[in-house]
1. One residue is enough: does region 24-34 have a residue meeting the conditions assigned to a loop (DSSP other than H, G, I, E, B), of a type in the set (Lys, Arg), under 15 Å from the mean Cα position of the chain (by Cα) and at pLDDT below 90?
2. Restricting attention to region 140-163, and to residues there that are polar (S, T, N, Q) and not in a strand (DSSP E or B), which single residue is most open to solvent (accessible area, probe 1.4 Å)?
3. Can you name the residue in region 56-98 that is of a type in the set (D, E, K, R) and surrounded by 11 or more Cβ atoms within 10 Å (Cβ to Cβ) and is also nearest to the chain's Cα centre (by Cα) among such residues?
4. If you check Lys35 against the conditions, is it open to solvent by 60 Å² or more (accessible area, probe 1.4 Å) and within 22 Å of Leu133 (Cβ to Cβ)?
5. So if I check each of Asp110, Asp152, Asp142, which one is modelled with pLDDT of 90 or more and either over 25 Å from Thr80 (Cα atoms) or not aromatic (Phe, Trp, Tyr) (or both)?
6. Determine which single condition Thr18 fails, assuming it passes every other condition in (1) closer than 30 Å to Glu122 by Cβ; (2) open to solvent by 100 Å² or more (accessible area, probe 1.4 Å); (3) at pLDDT below 90; (4) not basic (Lys, Arg).
7. With respect to Ile125, determine if the residue is modelled with pLDDT of 90 or more, out of contact with any His (no Cβ under 8 Å at 6 or more places or on another chain) and surrounded by 13 or more Cβ atoms within 10 Å (Cβ to Cβ).
8. Looking only at region 99-123, filter to residues that are among the polar types (S, T, N, Q) and more than 20 Å from the chain's Cα centre (by Cα); which one of those is farthest from Tyr66 (Cα to Cα)?
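The values are calculated or read from the model by the stated rules, or taken from the named source; none is laboratory data. Every value quoted in this text rests on a predicted model; they were computed, and no experiment measured them. FYI the Cβ positions are ideal-geometry reconstructions off the backbone, even for glycines, and counts take in every protein chain you see. We work out accessible area using only protein heavy atoms, side chains counted, and drop any ligands, DNA or RNA first. Shrake-Rupley method; radii C 1.70, N 1.55, O 1.52, S 1.80 Å.
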Amino acid sequence: LNDEEKIRRQFLFLKMTTYVAQKYIERPMLIHDRKFDIRIYFMTFIRDKFVHIWLYKDCYIKFATYSFTCDSFNKSIHVTNYAIQKYFMNAADEVPGAKENMWTLTQLIDYFQTIDEPRLWEAKIYPAIKKNLLAVVLPSLDGTELIHNHFDLNGADFMLFKNLINFIKIIIS
């Protein structure tokens with residue numbers, strides 16, 4: 001069986017009829033050699049047949065416990081969710097300044113200053129997050145009944161590619 005057939009069989013076993021799959025990011029941007037993602041919350045609110053999206057800008061950053069490598073499939077390296085990482089954390093492996101393998105947005109912005117990218121969050125990352133959220137939320141409304149005064153609170157995780165900084169330098173110069 002090829003990988004696609006294995007995946008289909010697994011979903012059939014779980015009795016799932018719809019699913020989302022994505023290619024693994026083999027070259028993620030790393031901080032202190034750790035894979036990370038950015039968790040941001042947003043609310044959708046329906047009023048007068050319009051969908052309003054409110055984005056809570058103050059997000060947090062979740063790190064994997066161990067240094068990134070594609071040579072191992074250990075969850076402590078590849079999965080950044082706290083529900084997984086809490087079983088692997090220890091002081092010796094902690095990202096500097098992290099509490100339970102997490103940083104605040106302020107810590108992320110401070111880190112970008114140490115790598116000579118002080119405007120990276122405001123100029124590139126946050127605008128890209130807003131665009132990507134719209135690209136996901138709007139198509140998800142197809143076939144959805146818009147119920148007046150209905151709201152949902154959601155969390156979204158974003159990862160950055162390793163070449164993001166080089167790409168940004170090319171655009172800015």
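1. yes
2. If we take residues in region 140-163 being polar (S, T, N, Q) and not in a strand (DSSP E or B), then Asn163 is most open to solvent (accessible area, probe 1.4 Å).
3. Out of the qualifying residues, it is Lys62.
4. So Lys35 does not fit the description; no.
5. Result: Asp110 is the single residue among Asp110, Asp152, Asp142 that is modelled with pLDDT of 90 or more and either over 25 Å from Thr80 (Cα atoms) or not aromatic (Phe, Trp, Tyr) (or both).
6. (1)
7. So Ile125 fits the description; yes.
8. Among residues in region 99-123 that are among the polar types (S, T, N, Q) and more than 20 Å from the chain's Cα centre (by Cα), the one farthest from Tyr66 (Cα to Cα) is Gln113.
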